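Heads up, the thing below is written out as structure tokens.
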Amino acid sequence: MKYADLLEEALLQLPKFKKQYEEDLLAGNIDADDGMHMVFCEVFMPVLHDLIDEKDSVSVNDFFSFVEKMENSGDPLVAEVAEFTVLEDLCDNYNDKDFLGYLGENTKDALKQIRKYIPESA
């Protein structure tokens, strides 16, 4: 997966993300030219939050499998979106127990690094 293909890959692999992305485009909440960090912050993360909160484990697993693919992509720009936009947001909003079981090996490693500067809430 390359940065230039990230949005297309997410839309193909995550139907719930695609649905929200298309709704947000139509509503003018996002622009087709928005960067990946903005798209993931404004569309991907709210959908993921809802799925975590609803305990929709099948869909949550799909999203985290995609994030693991991002982390394993070999493209540092894709990994940056996974780490700085997805994982850091999760660290700000959840305790690890809420999502740790969904993480793959590389996203767990990235989470350990992030937790060095974003400690888990009590």
Original post:
Listed highest first by mean packing, meaning other Cβ atoms within 10 Å per residue, what order do 61-70, 34-43, 6-15 come in?
Top reply: 61-70, 34-43, 6-15
Subject >> Charge sum, other residues only, whose C-beta stays under 14 Å from G104's C-beta, Lys/Arg counted +1 and Asp/Glu -1 >> reply: -3
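Pairs K16/K97; K69/K116; K2/K55; K16/K116; K18/K55; K18/K69: which exceed 27 Å Cα-Cα?
Values: K16/K97 23 Å; K69/K116 23 Å; K2/K55 30 Å; K16/K116 32 Å; K18/K55 20 Å; K18/K69 17 Å.
With Cα atoms farther than 27 Å apart: K2/K55; K16/K116.
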Original post:
Taking 0.36 nm per residue of separation and subtracting the Cα-Cα distance, what length does fully extending L25 through E54 add?
Top reply: 8.0 nm
**OP:** Note down the nm distance, to one decimal, between modelled labels 7 Å out along Cα→Cβ at S65 and at D5.
**Re:** 1.8 nm
Original post:
Can you give the Kirkwood hydrodynamic radius of region 3-122 from its Cα pairs, in Å with one decimal?
Top reply: 14.5 Å
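Given charges of +1 on the Cβ of Lys and Arg and -1 on the Cβ of Asp and Glu, with all other atoms neutral, how large is the dipole of region 1-116 about its Cα centre, in debye to the nearest 20?
On the way: 11 positive and 27 negative charges, 92 e Å.
Around 440 debye, computed over region 1-116.
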Subject >> Expected 222 nm ellipticity per residue - DSSP helices of 4 or more, -39500 (n - 2.57), all of the chain, to 500 >> reply: -16500 deg cm²/dmol
Subject >> Whole-Hz couplings from phi, Karplus 6.51/-1.76/1.60, listed for region 75-90; x for Gly and Pro >> reply: 9, x, 6, 5, 4, 4, 5, 4, 7, 7, 9, 8, 5, 5, 4, 4
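Run through every distinct alpha carbon pair of region 1-40 and return the Kirkwood hydrodynamic radius in angstroms, one decimal place. Spell out each step's value before the answer.
Working: mean 1/r = 0.0963 Å⁻¹.
Hydrodynamic radius (Kirkwood, Cα pairs) of region 1-40 is 10.4 Å.
No lab work stands behind these numbers, since they all come straight from the coordinates. The shown structure was predicted, so the numbers you read here are calculated from the model rather than taken from an experiment. Cβ atoms come from the backbone with ideal geometry, glycine included; neighbour counts cover every protein chain shown.
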